[in-house]
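The values are calculated or read from the model by the stated rules, or taken from the named source; none is laboratory data. As the structure is a computational prediction, the values presented were derived from the model and not from experiment. Because the Cβ atoms are built from the backbone with ideal geometry, glycine has one as well, and the counts that use them run over all protein chains shown.
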Amino acid sequence: MRALAGRSESTLGRPIRGAPALIVLLLASISLTACSVGDDDGGGGEAATTLRSSDARRTPTSRCKDLGAANGASIRTPASFAVTPWRLDRANLYDALGCVTLAGRPVSGVTVKVNNYVVPEPTDENGGFYYKIDATVPQRATVTVADASTAKSGENALSDDERAELTAATGALTVRFKLTELQSERLPNGTVRVSGSATFDNGAPPPPVVLFAYELTGKVRDRNGRPLGGAVIATRTLDLEVWSFSAPSAPDGTYRSFFYPTGDEIGEVGLTVRASVGDESWEIAPTEVVKFPKLKSATMDVDIPPPGFPLPTPDPPRAVPGAVYEGLLVGAELDGKPVTPLAARWVDRRGHFELLLPADVAGQTISFWESRLYAYSRVSARPGGPVDVSYWPQEFPPRAPRGIATLTLPG
């Protein structure tokens, strides 16, 4: 299973000039990153509930004092949050509190950035700041220091070295499905079976894994037949209703895109193809149509012509096994890296998940990560069904919550 993009992730790529503002889908082929929170049993977390739009109350930043001293510069949070179902009658946001300290003392006047958003209000006398975070999806929001020029520790301005240390600090705000009923069993062959349950804050199971789309992949070559990076490949249905855009191709020319080969045609679906590199764009001739296999993932290579020439019509795409699925994946972490399981099952309709870990992790303490993501798999995914572990991510999904629970495995 290859992880593609979490719903909370910002997608890569950009629209081609002239694309209609209908359905524009971008896909990034992303490696799987992220944070540790002090919620070892997976069942606790921030006591606050999601805010209604009319509720402006916040937990005092004095809660930062409850975190205790930390060495060096630090950006920490009192607790993580549990994912809550979306509701129409509330804002579906958590008021997440973050705390900035230096050598265990609160630092005021610090402007922080959460992901790419600069929080308008600097930290107060407790080193605290607030950020409204989406409560309905699991995520890890990275916190960094945007400006420490007016930072103070008590009444004292920071030295240049202290500001530099503070600027290098990072932290995270975390929203995660609660993990409970965690247990493990060592099997006769030495492997370890791990299981547990993932739930919303109200105990309900997360949405089941579903088919999201198919995948279109291939290579982009320049006019000399060499791999071309930075190219965006787009397909469009003949009724002009649906567009699909890839992320920019990798340096080796590889591109990936969500793909919707639907329609009334039997066996094949006709689509037009476009490509763009920088400010230049190309399209196949108006009389040309590329026939794609219906309800199948496919591979198609694209050759970029000189400026001003039409895009050469690609060879007929070839169907390949697999599809893109959307669902919650729960994995194990050891020594800062994801553990590739020997077998795994998607979260079932009750929220139960299962991993079969290799024998060399027996006796060690693992932590868990999770991500509701888009994943390519050659095995048809279904709730409680097997995960195609031959595609298990070797890196953590961007913004995936990590360290959300720990479990010591039997030796």
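Quick look at the numbers
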item	result
Complete set of residues in region 369-380 that are over 18 Å from residue 192 (Cα atoms) and either among the aromatic types (Phe, Trp, Tyr) or surrounded by fewer than 20 Cβ atoms within 10 Å (Cβ to Cβ) (or both)	374, 376, 378, 379, 380
Subset of region 387-406 [among the hydroxyl-bearing types (Ser, Thr, Tyr), touching a Ser or Thr at 6+ places or on another chain (Cβ under 8 Å) and closer than 17 Å to residue 377 by Cα]	391
Some residue of region 212-231 being under 19 Å from the mean Cα position of the chain (by Cα), assigned to a strand (DSSP E or B) and not hydrophobic (A, V, I, L, M, F, W, C)	yes
Restricting region 309-368 to residues that are surrounded by fewer than 19 Cβ atoms within 10 Å (Cβ to Cβ) and acidic (Asp, Glu), the residue that is nearest to residue 274 (Cα to Cα)	315
Test: residue in region 247-266 that is surrounded by 21 or more Cβ atoms within 10 Å (Cβ to Cβ), farther than 30 Å from residue 117 by Cβ and modelled with pLDDT of 95 or more	no
Residue check, residue 144 within 22 Å of residue 175 (Cα to Cα), surrounded by fewer than 20 Cβ atoms within 10 Å (Cβ to Cβ) and out of contact with any helix residue (DSSP H, G or I) (no Cβ under 6 Å at 6 or more places or on another chain)	yes
From the options 201, 134, residue that is surrounded by fewer than 22 Cβ atoms within 10 Å (Cβ to Cβ), in the same structural domain as residue 368 (by TED's automatic domain parsing) and closer than 25 Å to residue 397 by Cβ	201
Residue in region 149-166 that is within 25 Å of the chain's Cα centre (by Cα) and of a type in the set (S, T, N, Q) present	no
Top-ranked residue in region 228-246 [being of a type in the set (A, V, I, L, M) and within 22 Å of residue 295 (Cα to Cα); ranked as modelled with the highest pLDDT]	233
Residues being modelled with pLDDT of 95 or more and surrounded by 24 or more Cβ atoms within 10 Å (Cβ to Cβ) - total across region 212-227	1
Selected residue (only one of 347, 339 is in contact with a helix residue (DSSP H, G or I) (Cβ under 9 Å, 6 or more places away or on another chain), over 22 Å from residue 227 (Cβ atoms) and not assigned by TED's automatic domain parsing to the domain that holds residue 256)	339
Search result, residues across region 147-160 that are surrounded by fewer than 15 Cβ atoms within 10 Å (Cβ to Cβ), of a type outside the set (Val, Ile, Thr) and either in contact with an Asp or Glu (Cβ under 9 Å, 6 or more places away or on another chain) or not in a helix (DSSP H, G or I) (or both)	149, 154, 155, 156, 157, 159
Residue ID - surrounded by the most Cβ atoms within 10 Å (Cβ to Cβ), chosen from residues in region 71-123 that are of a type in the set (A, V, I, L, M) and assigned to a loop (DSSP other than H, G, I, E, B)	110
Number of positions in region 173-190 that are in a strand (DSSP E or B), closer than 28 Å to residue 359 by Cβ and aliphatic (A, V, I, L, M)	2
Tally of residues being buried (at least 19 other Cβ atoms within 10 Å of the Cβ) and in a loop (DSSP other than H, G, I, E, B) across region 285-308	3
